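A short worksheet on the structure shown next.
The values are calculated or read from the model by the stated rules, or taken from the named source; none is laboratory data. Since the structure is predicted, the reported quantities are computational estimates derived from the model, not experimental observations. Cβ: placed from backbone, ideal geometry, glycine included. Neighbour counts: every protein chain shown.
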Amino acid sequence: MVNVDQSEDSAPTGIVRQNTAIWRVILKKYGIITAFIVLCAVLSVMSPYFLTTQNILNVLRQSSINGILAIGVSFVILTGGIDLSVGSVVALAGIIGASFATTSPVAGIAGAPYPAVLAILVGLVVGLCVGTVSGTVVARFKVPSFVVTLGMLSSVRGLTMLYTDGKPVPSLTPSFRWMGTSTVLGIPVPIFILLFVFAISWWVLTKTRYGRYIYAVGGNPRAASTSGINVRSIRRSVYMISGVTAGLAGLLLSARTGSGLTQAGISYELDAIAAVVIGGTSLSGGVGSVTGTLVGTLIIAVMNNGLDLLGVDSNYQQFIKGLMIVFAVLIDTSRQKEAE
Amino acid sequence: MKLLKMGVACAVALTALTSVAEAKQLKIGVTLYGLKAEFMQLWAAAVKTSPAVKNGMVEVTVFDGRYDPLVQQEQFATMISQKFDAIIFAPIDADAGATAVQMAHDAGIPVVGTNTRANSKLLASYVGSDDVLSGYLEAKAVLTKIGCKGNVVIIDGPIGISAQIQRSEGNKKALAECPNVKILEEKTANWSRAEAQALMENWLTRYPKQIDGVIGQNDEMALGAIEAIKSQGLKVSDFVIAGIDGITDALLAVKAGEMTSILQDARAQAMGSLDVAAKLADPSYKPQADIWAQYPEMPFSDGKLQNYSVPWTPVTADNVDRLLAFRSK
């Protein structure tokens, strides 16, 4: 900001406008990363424990589940939709996956435990199925995604309760729990999974034609349609992606906690959407990136972690997170006004 | 064995019943604060298997309060308009619950509290467990094992709900007996295993090698703490951990020597409150659940008591197998 003022003093007006514009672009494009760096800097000064390897790994591991969810939800939000069902999908995929990987004779399905790979596949397919249903209803019947996924939030939670009569699925096999509890080269596996999901999503959104179509559909569906993009199938596909990532997050949660829990993932959709919004993705679609989402996820995780390290009351965490969401949307709205 | 016993009990009850089979079936409604956690699921499953329900003397309807006092109030209105004979009530909020109890009282329907107590003098009776006592017992278990010295952390339930308030009171009562024990941190994880796991990971970073005991106000959160300790590559045996409720995973963890739990008997609360409610609705009713024999310290007393305190059972290596066997039925 100081730099902007200086340039205003020394340069002719035309260039000044350009310069300020550039600064505003930089601030908007990198504002979220700046905010993240500032937050980390403040916390590392305030707590000697913040910048330790163990703590950094903790924060990354704690953000892995929300990060994976948020990346999936980013795809939906980029098309201008919303997916409220992901928290319930976490529970359903987590518990059905768990029922294939439990050694408990009563909680599992017949013949369990099956190999971890099968349990994971089943969980992912569960997520895919829920996503396909939501996506089809949204894309084909043009029902607002808010309503469809709100309905799925409730129905899928109900299915979860029905599946085990509300009981958890304990005693998961070590091979299934590997992805949640083990480390590779000293780094927890959930972090690798998050990075893997991020890398693929980043590649799809920035390097493929399909990725460009997603932005096009979100930015201006009519124009996308006239230029020959199959808007309907793009729309359907993003809910399928979100379903699969939610399924993966659910499996990971089961692996981490050691049990498939019916009450898992309650209100996780809100944290996921918060991460997407804080990361600068526009709720009206067409603008944003999974990089932003990743940073948004990290901001939420760092804040929760930092406030725990500092011994701050947990009620403040909710309060601050709320303010950040509103602030992020404010930036987005001003950007949209400018575009008009 | 248990099945056989129940079968015999049912058969006896059925023969006894044939003469009064034409008598009016009692309609008893239950509203529980929420059915998402395992404990309330166990409660709901137990009430449906009460002998009086199985033999058809009582028709029981369980409503899910969805953690919302207003939802529960509306369920009361429904039960009143459908002329239920008695209501069993586990309110999400003690004070909001009092309004609902008043409504039923005005309509002449007796209300029996269970598990969580509505803050109302009009409650006909209460069949539940004393949460202050459970908080005391679990904290005492931790403090005894760490020799009444060292550092502990407390993981609270959702701040402000009655179970959290009472369990905290019990925790503090036990801690007051060990003035040398320092409470490093006390924070809520909202009954959630995943939330407690993150919280404990952060505390382990903040207080390396300083935490001796973990007092979780329910089992889920104690289990989250155990997972956090494991995820940091630490030894669970270096910590003394306790929870409350006796959910299945916790029983397994007790069996593995990782924690202590205090079992809250959902079955006794459910079947006990059903018998008391049925007795209040129909004075000729005879209690039928085996729980009255199971807990001689809690006599039925003709359903006239204001308070039935269902005892807590500390889960130990000695009784865990029996409890687990019972659970898997």
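Is it true that A:G211 is surrounded by fewer than 21 Cβ atoms within 10 Å (Cβ to Cβ), without any contact (Cβ under 8 Å) to a residue 40 or more places away in the chain and under 30 Å from B:W43 (Cβ atoms)?
On the way: surrounded by fewer than 21 Cβ atoms within 10 Å (Cβ to Cβ): yes; without any contact (Cβ under 8 Å) to a residue 40 or more places away in the chain: yes; under 30 Å from B:W43 (Cβ atoms): no.
So A:G211 fails the test.
Report yes if some residue within region B:301-316 is of a type in the set (A, V, I, L, M) and surrounded by 22 or more Cβ atoms within 10 Å (Cβ to Cβ); otherwise report no. Among the residues of region B:301-316, at least one is of a type in the set (A, V, I, L, M) and surrounded by 22 or more Cβ atoms within 10 Å (Cβ to Cβ), which makes the answer yes.
Considering each residue of region B:170-186, count those that are among the hydrophobic types (A, V, I, L, M, F, W, C) and free of Cβ contacts under 8 Å to residues at least 12 places away in the same chain, and give that number.
So in region B:170-186, the residues among the hydrophobic types (A, V, I, L, M, F, W, C) come out as B:174-176, B:178, B:181, B:183-184.
Okay, now just the ones that are also free of Cβ contacts under 8 Å to residues at least 12 places away in the same chain, so B:176.
Qualifying residue count, region B:170-186: 1.
I'm trying to understand the selection: among the residues of region B:172-188, which are more than 14 Å from every other protein chain (Cβ to nearest Cβ) and not in a loop (DSSP other than H, G, I, E, B)? The answer is B:K172, B:K173, B:A174, B:L175, B:A176, B:V181. Scanning region B:273-296 for residues that are in a helix (DSSP H, G or I), of a type in the set (A, V, I, L, M, F, W, C) and touching an Asp or Glu at 6+ places or on another chain (Cβ under 9 Å) gives B:A277, B:A278, B:L280, B:A281, B:I291, B:W292.
Confirm whether B:M221 is assigned to a helix (DSSP H, G or I), at pLDDT 90 or above and either under 20 Å from B:S134 (Cα atoms) or among the charged types (D, E, K, R) (or both). Against the criterion (assigned to a helix (DSSP H, G or I), at pLDDT 90 or above and either under 20 Å from B:S134 (Cα atoms) or among the charged types (D, E, K, R) (or both)), B:M221 qualifies. So, in region B:291-329, exactly how many residues are among the β-branched types (V, I, T) and within 14 Å of chain A (Cβ to nearest Cβ)? Going through region B:291-329 one residue at a time, the tally reaches 1. The residues of region B:252-299 that are touching a residue at least 40 places away in the same chain (Cβ under 8 Å), closer than 22 Å to B:T116 by Cβ and charged (D, E, K, R), listed by number, are B:D265, B:R267, B:D275.
For region B:193-249, the set of residues classified as at the interface with chain A (Cβ under 9 Å from one of its Cβ atoms) and on the phi > 0 side of the Ramachandran plot consists of B:G233 only.
I need the full set of residues from region A:135-168 which are within 14 Å of chain B (Cβ to nearest Cβ) and crowded, with 16+ Cβ neighbours inside 10 Å, in order please.
Taking region A:135-168 as the starting set, the residues that turn out to be within 14 Å of chain B (Cβ to nearest Cβ) are A:153-154, A:156-168.
Residues satisfying the conditions are A:L153, A:V156, A:R157, A:L159, A:T160, A:M161, A:Y163, A:T164, A:G166, A:K167, A:P168.
Note on region A:30-50: residues that are within 13 Å of chain B (Cβ to nearest Cβ) and within 24 Å of the chain's Cα centre (by Cα) amount to 2.
Criterion applied to B:L70, B:L42 was being outside any strand (DSSP E or B) and buried (at least 22 other Cβ atoms within 10 Å of the Cβ), and the one residue passing it is B:L42. Being away from chain B (no Cβ under 14 Å), in contact (Cβ under 8 Å) with a residue 24 or more places away in the chain and over 23 Å from B:L223 (Cα atoms) is a condition met by at least one residue of region A:260-269.
If you filter region A:45-65 down to residues that are more than 14 Å from B:A198 (Cβ to Cβ) and in contact (Cβ under 8 Å) with a residue 12 or more places away in the chain, you find that the one that is surrounded by the fewest Cβ atoms within 10 Å (Cβ to Cβ) is A:M46.
Conditions tested, residue by residue: (1) of a type in the set (D, E, K, R); (2) outside the structural domain of A:Y239 (by TED's automatic domain parsing); (3) assigned to a helix (DSSP H, G or I); (4) over 22 Å from A:R235 (Cα atoms).
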{"residue": "A:S99", "(1), (2), (3), (4)": "no, no, yes, yes"}
{"residue": "A:I109", "(1), (2), (3), (4)": "no, no, no, yes"}
{"residue": "A:A112", "(1), (2), (3), (4)": "no, no, no, yes"}
{"residue": "A:V117", "(1), (2), (3), (4)": "no, no, yes, yes"}
{"residue": "A:V122", "(1), (2), (3), (4)": "no, no, yes, yes"}
{"residue": "A:V126", "(1), (2), (3), (4)": "no, no, yes, no"}
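Of the residues examined, B:S237 is not one that is touching a strand residue (DSSP E or B) at 6+ places or on another chain (Cβ under 9 Å) and polar (S, T, N, Q).
For (1) part of a helix (DSSP H, G or I); (2) modelled with pLDDT under 90, each residue gets a yes or a no:
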{"site": "A:G280", "(1), (2)": "no, yes"}
{"site": "A:G292", "(1), (2)": "yes, no"}
{"site": "A:N304", "(1), (2)": "yes, yes"}
{"site": "A:G322", "(1), (2)": "yes, yes"}
{"site": "A:V329", "(1), (2)": "yes, yes"}
{"site": "A:T333", "(1), (2)": "yes, yes"}
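What about A:I96, is it at pLDDT 90 or above and either of a type in the set (F, W, Y) or surrounded by fewer than 24 Cβ atoms within 10 Å (Cβ to Cβ) (or both)?
Details: at pLDDT 90 or above: yes; either of a type in the set (F, W, Y) or surrounded by fewer than 24 Cβ atoms within 10 Å (Cβ to Cβ) (or both): no.
Answer is no for this residue.
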